[in-house]
1. Specify the residue that is farthest from the chain's Cα centre (by Cα); the eligible residues are those in the stretch 1-21 that are touching a residue at least 24 places away in the same chain (Cβ under 8 Å) and assigned to a strand (DSSP E or B).
2. Can residue 20 be described as exposed (fewer than 10 other Cβ atoms within 10 Å of the Cβ), in contact with a strand residue (DSSP E or B) (Cβ under 9 Å, 6 or more places away or on another chain) and at pLDDT 95 or above?
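The values are calculated or read from the model by the stated rules, or taken from the named source; none is laboratory data. Source: prediction; values computed, not measured. Because the Cβ atoms are built from the backbone with ideal geometry, glycine has one as well, and the counts that use them run over all protein chains shown.
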């Protein structure tokens, strides 16, 4: 399994809010931050979303393997 890490950071464009960065093998893979209706997940690696049946309801955001060694940040994605 890949080396994964979550990092809590201040949100760059929403003062007073925090966001979570998801890193895999030292490469930024996804950002999770507040949205008016819940949470927003931003990633150029999203492959799909699976809704898991049962209680409590859950979603799995499927992320593709990182094929490049150059890291991308939320700022570079426009967030």
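1. Here the answer is 19.
2. Answer is no for this residue.
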